[in-house]
Amino acid sequence: MNGFTYNIETDRLNIRPFIKEDYLNWLNQYNNRMPSQHKYDDGKIDMSICTEEWFEELIDKHQQMALNDEVYIFGIFRKEDNAHIGAIDFSTIMREDFQWARFGYTIHNQFWRQGYGKESVKAAIKLAFEKLNYHRIEAHINLDNTPSIKLAESIGMEFECIRKGFIHEFGEWTDNLIYFINSK
């Protein structure tokens, strides 16, 4: 495959860009999600529009965004059975003298409480510093998203501030906690 191919492995996981051959695995894990467990868990999602052709177009879009240095999207796959368990993304905020990005992470709820979030995020941040050449990475977290806050803190991210009215979601402008980590 040409284009964006960075990947990283941990003891239990492969973290890499999605490829078109991931379609059935990706779809099955979305379809196997449990009902929503809390406000920030989408739980089961209607996947009826997500055809193989739709997925292939999505992968092409991911590749183009990465080649443009806009967004890098990685699938998280369990080594033992190649199950797709989640995703991590890095969005370039600014390059030049900043080398600054925002990142997000999600683990399908059927794989929670097994340490996959911490393991994958730690590895992906290392990749972002070493291969994507970011210096500063931020997580923007809702004030009441306790699982995400705990994950950010567990991998060494530091709380910086609260950005007021930072993102429009749930029909209103909401505040976000800003956690950050810098390259060493």
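The values are calculated or read from the model by the stated rules, or taken from the named source; none is laboratory data. These numbers were taken from a predicted model, which means no experiment stands behind them. Heads up, the Cβs are rebuilt from the backbone with ideal geometry, glycines too, and the neighbour counts pull from every protein chain shown. Areas reflect the complete protein model, heavy atoms only, side chains present, ligands, DNA and RNA absent. Shrake-Rupley method; radii C 1.70, N 1.55, O 1.52, S 1.80 Å.
Descriptive notes on the structure:
- GNM result for the chain, Cα springs below 10 Å: residue of Q63, Q99, Q114 fluctuating most strongly: Q114
- Gain on full stretching of the segment that runs from K164 to A83 - 0.36 nm per residue minus C-alpha separation: 25.4 nm
- Summed residue charge, Cβ within 15 Å of E80's Cβ, Lys/Arg positive, Asp/Glu negative: -1
- Of K39/K79; K126/K164; K126/K184, pairs whose Cα-Cα distance is over 22 Å: K39/K79; K126/K164
- Inter-label distance, nm, simple model (7 Å from Cα along the C-beta direction), S154/N28: 2.7 nm
- Of the GluC sites (Glu not before Pro) found in the stretch 49-120, those that fall in a DSSP loop while having at most 14 other beta-carbon atoms within 10 Å are E70, E80, E96.
- Taking all protein chains as they are arranged and a probe of 1.4 Å, the heavy atoms of L67 leave approximately 110 Å² accessible to solvent.
- 12 Å beta-carbon shell around D89, net charge (K/R +1, D/E -1): 0
- Residue of Y105, Y40, Y23 that the Gaussian network model of the chain assigns the largest fluctuation, springs spanning Cα pairs under 10 Å: Y40
- The order of W100, W54, W26 by accessible area, most exposed first and with a 1.4 Å probe, is W54, W100, W26.
- At R0 = 41 Å, FRET efficiency that the Cβ-Cβ distance of R95 and D42 yields, to 0.05: 0.85
- Qualifying trypsin sites (Lys or Arg not before Pro) in the stretch 85-164, where qualification requires a DSSP coil assignment and no more than 16 other C-beta atoms within 10 Å, comprise R95, R113, K131.
- Extension gain from E52 to K184, taking 0.36 nm per residue of separation minus the Cα-Cα distance: 43.4 nm
- Measuring nothing but how far apart in sequence close Cα pairs (under 8 Å, 6+ apart) lie, relative to its length, the chain scores a relative contact order of 17 percent.
- Gaussian network model of the chain, Cα within-10 Å springs - most flexible of M47, M65, M94: M47
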